[in-house]
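For reference, the structure is listed below as structure tokens.
The values are calculated or read from the model by the stated rules, or taken from the named source; none is laboratory data. This is a predicted model, so every value here is computed, not measured. Cβ placement follows ideal geometry from the backbone for every residue including glycine, while neighbour counts extend to all protein chains displayed.
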Amino acid sequence: MKVFKEVQRFDQWWLRILLIAALAVAASPLVFEYDAIIQSRSEITSVVTSMLLIVALFLTFWFLFKLETRIDEQGISYRYLPFHRKARLRTWDKIRSVSVRKYNPILEYGGWGYRIGLRKKRALNVKGNMGIQIVYKNGRQLLLGTQRPNEAEAVLKTYVNNGAIK
């Protein structure tokens, strides 16, 4: 049987621009007040410390926050680090329907990330506006963001057509 695996990270272009801008602001005293700062070791230390903190924050987002999705013969499993230490498996017998759809992250869920909406709706997304919509038999809904909607849909059709969802 087919398997779909995807790992997404917060690596949007605008986050990189934000990092560069924050580093530029933190480093600006070195450029504009070089003569005054070079006299004081504590000033240099504070500028370097702020730059290191900014880089550490960016690296934390890059390495720690990620969404892992897997679709296989058992069902759909997902893990949103750092919120889920272990992958959460949702077996096919608990799922009423599943599809890939376009959604509006801001209007439907209030943005990206680990989102808990009203009326038993949740979304786990990192970027973009395409997701795997899961509706459980108990009425709850989960949307898992994806950057590879065509591949996810092809694998989902395999399991839906083979009777995994009854």
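Things to note:
- Residue in region 135-157 that is surrounded by 15 or more Cβ atoms within 10 Å (Cβ to Cβ), among the aromatic types (Phe, Trp, Tyr) and over 16 Å from Lys5 (Cβ atoms) present: yes
- Checked against the criterion of being within 22 Å of Ala164 (Cβ to Cβ) and surrounded by 12 or more Cβ atoms within 10 Å (Cβ to Cβ), region 109-120 has no qualifying residue.
- Checked against (1) closer than 30 Å to Ser97 by Cα; (2) out of contact with any His (no Cβ under 8 Å at 6 or more places or on another chain); (3) modelled with pLDDT of 75 or more, Phe10 passes all but a single condition, namely (3).
- Residue check for Ile106: at pLDDT 85 or above and in a strand (DSSP E or B): no
- Just one of (1) among the acidic types (Asp, Glu); (2) at pLDDT 90 or above; (3) touching a Gly at 6+ places or on another chain (Cβ under 8 Å) fails for Glu153. It is (3).
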